[in-house]
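Right, one structure below, let's go through it.
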Amino acid sequence: MAFFRGLTAVSRIRSRMAQEATTLGGVRWLQMQSPSDLDLKSQLQELIPEQQDRLKKLKSEHGKVQLGNITVDMVLGGMRGMIGMLWETSLLDPEEGIRFRGLSIPECQKVLPTAIKGGEPLPEGLLWLLLTGKVPTKEQVDALSKELVTRSSVPGHVYKAIDALPVTAHPMTQFTTGVMALQVESEFQKAYDKGMPKSKFWEPTYEDCLNLIARLPPVASYVYRRIFKDGKTIAADNALDYAANFSHMLGFDDPKMLELMRLYVTIHTDHEGGNVSAHTGHLVGSALSDPYLSFAAALNGLAGPLHGLANQEVLLWIKSVIGETGSDVTTDQLKEYVWKTLKSGKVVPGFGHGVLRKTDPRYTCQREFALKYLPEDPLFQLVSKLYEVVPPILTELGKVKNPWPNVDAHSGVLLNHFGLSEARYYTVLFGVSRSIGIGSQLIWDRALGLPLERPKSVTMEWLENHCKKAAA
Ligand code: CMX
């Protein structure tokens, strides 16, 4: 087995003979071409026993090793810094940002298969990576694209359930309703009701997660067309890859927009386990609620303005700046508007983060996309100006731990550039992408037999008494 450390090794790896296994950033990369190598489920089947043994060993050999001290601040501060969950698919470093199975976003952009030469990664490739820890070949990704197409048909009652809502209902409400309506198809629930051994839980979970991921783009695009395009839907083009087909069903066929959608869906998939949507999906799944129930719960968390709704808020905020000052907004006017927002008791959307302490690499790659495809866009230029104006003001407040922009600060202006200007819809796109991360981890949750989540809570009185005793 050959080991390569740097990214320069990537091109050499690509040209290696089939059957060669290599490592990049801790990720095993297997290049093989037998039929089962193209089947994601067979690949997982092989990996699961080895990972189950790894977990058993961790428990038996290191179960009592301490991971830190819990302070009163942590309990009162939304559990910040408290390690409390296993999340295999990605890990977030406060300074460096997210790594998907050991690979940073720029590394994923280099090694994951693309639809066009030098283009953005295909989200199906990231799904493969998250599930297996291995960088897939283009053939594997193409096979997965096709598999998702075969799973993508949506029962008619789902659309009827959405239609029962007023068209004015928030897109996230309509989307989550669609996900709940899909739940009647759950393979996990059927198998559980019949009875199955715990060792088999992962298999119907896999079926549900793959079906869910495949069916979300038609449901999400139905919601978009229903609200914003007089209900005129567009049929899928099943020759396209996952993200391109989604963009097509929304009504956007510009090749640059297809590339944007591939990038967007790839980078919003996963952000380790503690964020509200990921944690909620994992928590609800730990009660053996099926993946549809778990994911719908996750979406409801994503719909909050401190989390996924921030991407909607950013574009609305930018447009309200322009509405008030005109499109030639000066730096001073921008500063004034930021202060006005803060004084009104609101947060500046798109800035700050619960864990990150630097500019979000998901922001940076979107900025690079903008520099490549839309450098003259006036809203992009405003976003660039905000990068200079907002962090010093947030720093001046003295309480903000991270004044730098996050993923949501940039996505809206890119979508807006290609005509997807309905900001209220943006969190639905985030939700479609999140299914890939949350679904991948749910499969591993069940494969590893992770238990019901049940942390201990205490009252203020309990804390006061505990602190008195500690002082004495
Ligand atoms: N604007 C104004 N105040 C902010 C701020 C911002 N962008 N970011 C943090 N603060 C404030 C917090 O509200 C908090 O104030 P109080 O002590 O008065 O409650 C204080 O600074 C300390 O917060 P923190 O420890 O730096 O950040 P948190 O972990 O509590 O919160 C986050 C993180 C993302 C909720 C926060 O930075 C925020 O509200 N940002 C704007 C909304 C946003 O962009 N959310 C999207 C995040 C990415 C995602 O999940 O999609």
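General remarks:
- The number of residues in segment 54-74 being in contact (Cβ under 8 Å) with a residue 24 or more places away in the chain and of a type in the set (Val, Ile, Thr) comes to 1.
- Identity of the residue in segment 333-362, within 10 Å of the ligand (Cβ to nearest atom) and either in a helix (DSSP H, G or I) or of a type in the set (Lys, Arg) (or both), that ends up surrounded by the fewest Cβ atoms within 10 Å (Cβ to Cβ): Lys346
- Out of Ala278, Ala298, sole residue that is out of contact with any Lys or Arg (no Cβ under 7 Å at 6 or more places or on another chain), assigned to a helix (DSSP H, G or I) and either within 16 Å of the ligand (Cβ to nearest atom) or under 19 Å from Tyr425 (Cα atoms) (or both): Ala278
Each row is one residue, and each column tells you yes or no for (1) assigned to a loop (DSSP other than H, G, I, E, B); (2) among the aromatic types (Phe, Trp, Tyr); (3) more than 10 Å from the ligand (Cβ to nearest atom).
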{"residue": "Gln381", "(1), (2), (3)": "no, no, yes"}
{"residue": "Val389", "(1), (2), (3)": "no, no, yes"}
{"residue": "Pro392", "(1), (2), (3)": "no, no, yes"}
{"residue": "Lys399", "(1), (2), (3)": "yes, no, no"}
{"residue": "Ser411", "(1), (2), (3)": "no, no, no"}
{"residue": "Val428", "(1), (2), (3)": "no, no, yes"}
{"residue": "Val432", "(1), (2), (3)": "no, no, yes"}
{"residue": "Leu442", "(1), (2), (3)": "no, no, yes"}
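- Selection status of Arg80, within 16 Å of the ligand (Cβ to nearest atom) and over 24 Å from Leu240 (Cα atoms): yes
- Some residue of segment 420-431 being out of contact with any strand residue (DSSP E or B) (no Cβ under 7 Å at 6 or more places or on another chain) and under 23 Å from Asp93 (Cβ atoms): yes
- Entirely in segment 131-243, the helices (runs of 4 or more DSSP H) that have 1 or more residues that are closer than 29 Å to Met257 by Cα: 138-150, 156-163, 171-182, 202-228
- Picking from residues in segment 321-332 that are assigned to a helix (DSSP H, G or I) and surrounded by 13 or more Cβ atoms within 10 Å (Cβ to Cβ), the one that is nearest to the ligand (Cβ to nearest atom) is Val321.
- Test: Tyr373 is among the hydroxyl-bearing types (Ser, Thr, Tyr), at negative phi and touching a Lys or Arg at 6+ places or on another chain (Cβ under 6 Å): yes
- Qualifying positions in segment 286-320 - surrounded by 21 or more Cβ atoms within 10 Å (Cβ to Cβ) and either on the phi > 0 side of the Ramachandran plot or β-branched (Val, Ile, Thr) (or both): Val314, Ile318
- Single residue of Lys198, Lys194, Lys146 found to be surrounded by fewer than 19 Cβ atoms within 10 Å (Cβ to Cβ) and either in contact with a Gly (Cβ under 7 Å, 6 or more places away or on another chain) or among the small types (Gly, Ala, Ser) (or both): Lys198
Just so you know, all these numbers are worked out from the coordinates, no wet-lab data involved. What you see is a predicted model; the values in this text were computed from it and never measured. In this analysis, Cβ positions are derived from the backbone assuming ideal geometry, glycine residues included, and neighbour counts consider all displayed protein chains.
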